[in-house]
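Every number in this text was worked out from the coordinates using simple rules, so none of it is lab data. Fair warning: this is a prediction, and the values are worked out from it, not measured in the lab. So basically every Cβ, Gly included, is an ideal-geometry build from the backbone, and we count neighbours across all protein chains shown.
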Amino acid sequence: MSSIASILLVCACACALVACHAGPLQKVGEVRGEGPKQGSSQPSTVRLIFVGDLMLDSGAGRTVAAGGDPLAFVDATLRGADYAVGNLESPIATVGRPVADKPYTFRAHPRVLRVLQGRVDAVSVANNHSGDYGHEAFSQTLLHLRSAGIAAFGGGSNLREAHAPLWIERNGLRIAVLGYNEFLPRSFEAGPTWPGVAWSEDDEVVSDIRSARLAGADVVIPFMHWGWEGESAPSERQRSQARLMIDAGAAAVVGSHPHVTQGAMLYRGRPIVWSLGNFVFDGFESEETRTGWLLQLTLDSQGVVAWRTMATHVDEAGTPRPVAEQKTPCGSRGVAEMQSCAGIGSGP
């Protein structure tokens, strides 16, 4: 064997040895640890929690600035999930100016990120307040979230990024969560070369759901910012769009924005939770606007195994507390009628 051939053989062996011992690449969205190890008897299910509007300016911002914790009373519930997702209803930045002709504009200080870390793994930025302080503040928000280890979806530095799904990989399951806004102003929609949020256009939403399925998603869940504020029931637009998304392959549909809960229903056996209401939000006085829901979905490769909601109540500072004894919508696979349950239990 020539000296050159010998060198090539040694290099090939070394490369093979490295490949054999290299660990798997980190998965996008995997924040809370690994799935079950080989030989584990743990079932291939994932517990995913959704919460509604997280507005960390104003009352919650003052609580954090004073050393308080607006998520203290829901800490155990959030940490008990495999993965938790919320709707971030304000930019987190120190730059920008409030946009003109908008009655309410919000901007939270980056110090609020500490109360999200370890509790909320990802946030949708697809809403009508992400652009309150302009493109620079929005872009800074994405950077702050990334630095804190919190994934953002439903928005990005361009249209392609805004429509990209949040990928969650746990216990052998691949879950894609998509975020969309359809409440004005539309001026902060992402474009081909500029940042912003994903706008809800039916054909694009259907295409995104189908693309996620083709990309290997076992479960696809759209997280919508939709509906009319203060309305206790979904609009006909919400109803028709939810049916369209489930017909396209969504396993469930979850909504936020109206600042009240709007009930839930089943369509083709799949849950639609119209609005989770306010989760962390001050400035509201009525019982309806101070009541929100946490939603827990238990998922497997076929979709939703079981789902439960749990009521929360926010105080004057926007701090939520569980109301575990209150019965709220729930259901499970194979049960045709929606049920009522109290709190989020440990079982499906």
From the C-alpha coordinates alone, can you work out the Kirkwood hydrodynamic radius of segment 54-163, in Å? 14.1
Counting every C-alpha pair in the chain, the percent lying more than 24 Å apart is 55
Roughly how tilted is helix 3-21, in degrees to the nearest 10 and between 0 and 90, from the longest Cα axis of the chain? 30
Per the C-alpha gyration tensor (a ≥ b ≥ c, the square roots of its eigenvalues), segment 118-177 is rounded if a/c is under 1.5, else prolate if a/b beats b/c, else oblate; here it's prolate
Of LEU178, LEU159, LEU56, which has the largest mean-square fluctuation in a 10 Å C-alpha GNM of the chain? LEU159
For segment 153-309, alpha-carbon Rg and Dmax in angstrom: 15.4, 45
Before rounding to the nearest 500, sum -39500 (n - 2.57) across all DSSP H runs of length at least 4 in the chain and divide by the residue total; then give [θ] at 222 nm in deg cm²/dmol. -6500 deg cm²/dmol
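Fully extended, how many nm does the chain gain between GLU325 and GLN302 (0.36 nm per residue separation, minus their Cα-Cα distance)?
This chain segment gains 5.2 nm when fully extended.
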Looking only at Cα atoms, what is the convex hull volume of segment 281-348 per residue, in Å³? 94
Taking the simple approach of a point 7 Å from Cα along Cα-to-Cβ for both GLU236 and ARG146, what is their distance in nm? 4.4
Segment LYS102-GLU204, extension gain: residue separation times 0.36 nm, minus the distance between their alpha carbons: 34.0 nm
So what is the relative contact order for the chain, in percent, with contacts set as C-alpha pairs under 8 Å and at least six apart? 16
Under the definition of Cα pairs under 8 Å and six or more residues apart, what whole-number percent is the relative contact order of segment 110-193? 30
Taking K and R as +1 and D and E as -1, what net charge do the other residues with C-beta under 12 Å from the C-beta of HIS144 add up to? +4
